[in-house]
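The values are calculated or read from the model by the stated rules, or taken from the named source; none is laboratory data. The structure displayed is predicted, hence computed values, not measured ones. No Cβ is skipped: glycine too gets one built from the backbone with ideal geometry, and neighbour counts run over all protein chains shown.
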């Protein structure tokens, strides 16, 4: 004799299987919801370069071709074959004009991570601190990064910086 399942019992069984499926599916899709340490390495190296501005050294974090950077210092957009050199010159000038020192960056968790083959995108909330003209400052913003995987590892293909808040201590 075949046992007939009541509608509430059938719905409960279906809900259990749906929940199990969703837990497995979400576990697999969440595996890469944040950039890997290898992806964050060029970002951390860029921060290190910006914080120290070593004489005679150039940042080795940018993609070989196709680089495009949007910044909050002139000329504001750096694209093309000379983008890295022009960005570096622009940042060094900006750093000198603002008398920046003691620069440090703190990152919050990355948002909106996505990867397709050898490219990755993420938004990185960042807080810069340091001295500008001898006064303590805090600049909050977000970097939107596009990375390209090259033979030497992940490199920055492009980024845009946007300030969302700025405070400076009064003298």
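Observations
- Pairs where the first residue, in the stretch 57-83, is touching a residue at least 60 places away in the same chain (Cβ under 8 Å) and the second is surrounded by fewer than 15 Cβ atoms within 10 Å (Cβ to Cβ) and in a loop (DSSP other than H, G, I, E, B), C-beta under 8 Å, 6+ apart: 67/80; 68/80; 70/76
Residue-by-condition table, conditions (1) modelled with pLDDT of 95 or more; (2) farther than 16 Å from residue 35 by Cα:
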{"position": "102", "(1), (2)": "yes, yes"}
{"position": "112", "(1), (2)": "yes, no"}
{"position": "117", "(1), (2)": "no, no"}
{"position": "129", "(1), (2)": "yes, yes"}
{"position": "132", "(1), (2)": "yes, yes"}
{"position": "136", "(1), (2)": "yes, yes"}
{"position": "144", "(1), (2)": "yes, no"}
{"position": "147", "(1), (2)": "yes, no"}
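- Cβ-Cβ distances below 6 Å connect no pair with a first residue in the stretch 119-130 that is closer than 18 Å to residue 42 by Cβ, a second residue that is modelled with pLDDT under 95 and in a strand (DSSP E or B), and a separation of six or more residues or different chains.
- Whether a residue is out of contact with any helix residue (DSSP H, G or I) (no Cβ under 7 Å at 6 or more places or on another chain), more than 23 Å from residue 124 (Cα to Cα) and either at pLDDT 60 or above or not in a strand (DSSP E or B) (or both) was assessed, and residue 40 does not pass this test.
- Residue within the stretch 81-94 that is outside any helix (DSSP H, G or I), over 18 Å from the mean Cα position of the chain (by Cα) and at pLDDT 95 or above present: yes
- Test set (1) part of a helix (DSSP H, G or I); (2) more than 18 Å from residue 152 (Cβ to Cβ); (3) modelled with pLDDT of 95 or more - residue 106 fails condition number: (1)
- Residues of the stretch 140-151 classified as touching a residue at least 24 places away in the same chain (Cβ under 8 Å), more than 16 Å from the chain's Cα centre (by Cα) and either crowded, with 18+ Cβ neighbours inside 10 Å or not in a strand (DSSP E or B) (or both), total: 0
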